[in-house]
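Here is the structure we will look at.
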Amino acid sequence: MHIFTIRAGFRAVLVILFFLLPGGAWADEAVLRGQGDSAALDEAADLYRRHCAACHGDLGDGRSRAQFGLNPPPRDFTAPDAWYELSHERMLTSIKYGRPGTAMVAWEKKLSDTEIEALAVYVRETFMRDPGDDSLHRGKRLYKKNCSACHGDRGNGASWAKNSLNPSPRDFTSPESRAELTRDRMVTSVSHGRPGTAMMPFNTRLSETDIAAVVDYIRTEFMSDDRPAQDADTAHALPPAVPPASPPQPADMSLVFPHGLVGDPDKGKTFYMANCFTCHGKEGDGRGPRASFIYPRPRNFVGEQARLTLNRPALYRAISQGRNGTVMPAWSRVLDGQQIADVAEFVFQAFVQADAPVNAVPVDEQKKKAP
């Protein structure tokens, strides 16, 4: 789909959305002048950048710092699967209520219904593409709908089916299947079923074209020499644990923020509780609602190592630049220096120096020390 068509459709939806829903951001005159559509696009893009890009990536393809740290990994909105699986209603539900078993948290208490609607439309219109009549993608969709319940998502047999059906469903990944199953035999089996097994005929439910598409998908995805070697038990295995580093050296807690900045902990708390607690926890202990899905685990600010090493400059640097090898994003792409100092000051006072050690420097003293 051409980019101008995408943007035009997106803008038209958002103009209607903000015009009809309560709390719309524009006056009627602005909509009539055609100025509201650009504002809507910018506002929705900002919502995505602030709340979604850290996991799903700037381009919606899941290529972010989080892609190797979350289990399961973030959704790639650009994949053909997303077009088939993510209806508008499902996206609204996922954003509002989260996705159980994943790091996707509920946003219903942080975003209004209008913002959730705008965000869903933005993702669909900006990143998702109709793959058209591509037979392989159609075959995958048909397989998931009709075959995966018995043969499993990876073609090696669903666990319940192996124990409940006699004989067990065909494991398409086995050497025997690759040796025995010609394309013609598979088309016949899907069309007319397999006597003496639970395999039913699909020729009354699927067209010849659809049957060919699902057979070709199975052969390409599960029976090809190029298929991935990993199996269902190891597909989402976490990377091995990193060996422990040498004992950390205590940092100088009297150091102040760079650039003469002085953080406001009250403003920092507001941002932290809206954006950071989902990973680091409301108590700063690294036990937020996303934490169990993240590897390496989020930083525990009240732990012994954090209290030894995280002075103001270290916090400022980590928040600003992110942390390589983790899901911690570089907030400097969203926040300015003062806002980063505000968040760092809140974390420093509320968690790292919660017991008010003697070497912590009060805010008024920071101003005197600032260059």
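FYI, it's all coordinate maths here, none of it is from the lab. This one's a predicted model, so the numbers in the text were calculated from it and none came from an experiment. All Cβ positions, glycine included, derive from the backbone under ideal geometry; neighbour counts span all protein chains shown.
Observations on the model:
- Euclidean distance between Cα centres, the stretch 140-184 to the stretch 280-352, Å: 45
- Rg over Rh [alpha-carbon atoms, Kirkwood Rh] for the stretch 258-369: 0.94
- Semi-axis lengths (Å, descending) of the ellipsoid that matches the C-alpha gyration tensor of the stretch 135-221: 18, 14, 13
- Entries of Lys162/Lys282; Lys140/Lys162; Lys96/Lys282; Lys96/Lys144; Lys109/Lys140 with Cα pairs more than 32 Å apart: Lys162/Lys282; Lys109/Lys140
- Residues listed by number, the stretch 114-130, amide nitrogen under 17 Å from Asp81 label point at 7 Å toward C-beta: 128-130
- Between the beta carbons of Lys96 and Lys145, assuming R0 = 22 Å, the FRET efficiency works out to 0.30 to the nearest 0.05.
- Separation of the Gln305 and Leu165 label points, Cα + 7 Å toward Cβ, nm: 4.7
- Semi-axes of the equivalent ellipsoid of the stretch 55-191 are 35, 17, 14 Å, computed as sqrt(5λ) over the eigenvalues of the C-alpha gyration tensor in descending order.
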